[in-house]
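Data first, discussion second: the structure below is written as structure tokens.
The values are calculated or read from the model by the stated rules, or taken from the named source; none is laboratory data. All values derive from a computational prediction rather than experimental measurement. Note that each Cβ is placed from the backbone with ideal geometry, even for glycine, and that neighbours are counted across all protein chains shown. We work out accessible area using only protein heavy atoms, side chains counted, and drop any ligands, DNA or RNA first. Shrake-Rupley method; radii C 1.70, N 1.55, O 1.52, S 1.80 Å.
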Amino acid sequence: MSEEGKGNKPAKRDHGPQGTHVFSRDEVDKLVDEAGSSDGAPSTRAQLKGVSVEVKGREFPLGGARLVIGRASSCDIILSDSSVSSEHARINHDATGWRVVNLLSTNGTFINDKRISSEPLHHGDRIRFGRVEFLFQDPDQARTAGASHTSPKAGRSWLPWALAGTVVAIVVAIVVLVNLF
């Protein structure tokens, strides 16, 4: 007899039929609230720069503390691509910086090819709404983070050299031992 037949409730589904994340309107409101209030003063230089064919070369300044992206005429940034939902995502700015929140979109919101519900944005991130891709640019964030922020790879740039040095040391030790005997 299945677990469902024993009176237990079936496991809660958090994904739709094609991997789409399923959220209630209350969950979306909670994510938006967690993303921050509209009190943060946004950088007037932050923007989304079009990467995919539909928006290539177009620049969308992020002038407000909360911007809605989607196909609807009421959106702050209107994208006419069919893969974009009517109210696809919201970009918020607060004291901690910029954040993107997916708003029950059908085809998802992605940062650097990772599907997200709510994530902070960093200068240079690639953000995709459905099939429409942008580059997030915030020169103010890049300038302040420049000295203190290094990529994960930059922090480990010595690792290949250390491994190569270890291999050379082992080979030399083997050659010396072989010549001794």
Q. Taking θ as phi - 60°, what are the ³J(HN,Hα) couplings along segment 98-105 by the Karplus curve (6.51, -1.76, 1.60), each to the nearest whole Hz, with x for Gly and Pro?
A. 8, 8, 10, 10, 6, 10, 6, 5
Q | Hz values of 3J(HN,Hα) by residue in segment 70-86 - Karplus curve (6.51, -1.76, 1.60), Gly and Pro given as x | A | x, 8, 5, 5, 7, 6, 6, 10, 9, 10, 8, 5, 5, 7, 9, 6, 4
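Of ASP94, ASP26, which has the most accessible area and how do the rest follow, probe 1.4 Å? Please report the intermediate quantities before stating the final value.
On the way: ASP94 25, ASP26 120 Å².
So the residues, ranked largest to smallest area, are ASP26, ASP94.
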Q: Pull up all non-local amide H partners of SER86: gap of 5 or more, or a different chain, and H-to-H distance under 5 Å with H placed in the peptide plane.
A: ARG71
Q.
How much length would be gained if the chain were fully extended between VAL176 and VAL53, taking 0.36 nm per residue of separation minus their Cα-Cα distance, in nm to one decimal?
A. 38.2 nm
Q: With θ set to phi - 60°, apply the Karplus curve 6.51 cos²θ - 1.76 cosθ + 1.60 along segment 115-129 and write out the HN-Hα couplings as whole Hz, x wherever there is a Gly or Pro.
A: 5, 10, 9, 7, 8, x, 9, 10, 3, x, 5, 9, 10, 10, 10
Q. Taking amide hydrogens as modeled 1.01 Å from N in the peptide plane, which residues meet the under 5 Å criterion relative to VAL132, leaving out close sequence neighbours?
A. none
Q | Formal net charge of residues neighbouring ARG45 (Cβ-Cβ distance under 14 Å; K, R +1; D, E -1) | A | -1
Q | FRET efficiency for ALA95 and ALA72, using Cβ-Cβ distance with R0 set to 25 Å, rounded to 0.05 | A | 0.30
(Q) Between LEU135 and SER86, how high is the FRET efficiency from 1/(1 + (r/R0)^6) when r is the Cβ-Cβ distance and R₀ = 30 Å? Nearest 0.05. (A) 0.80
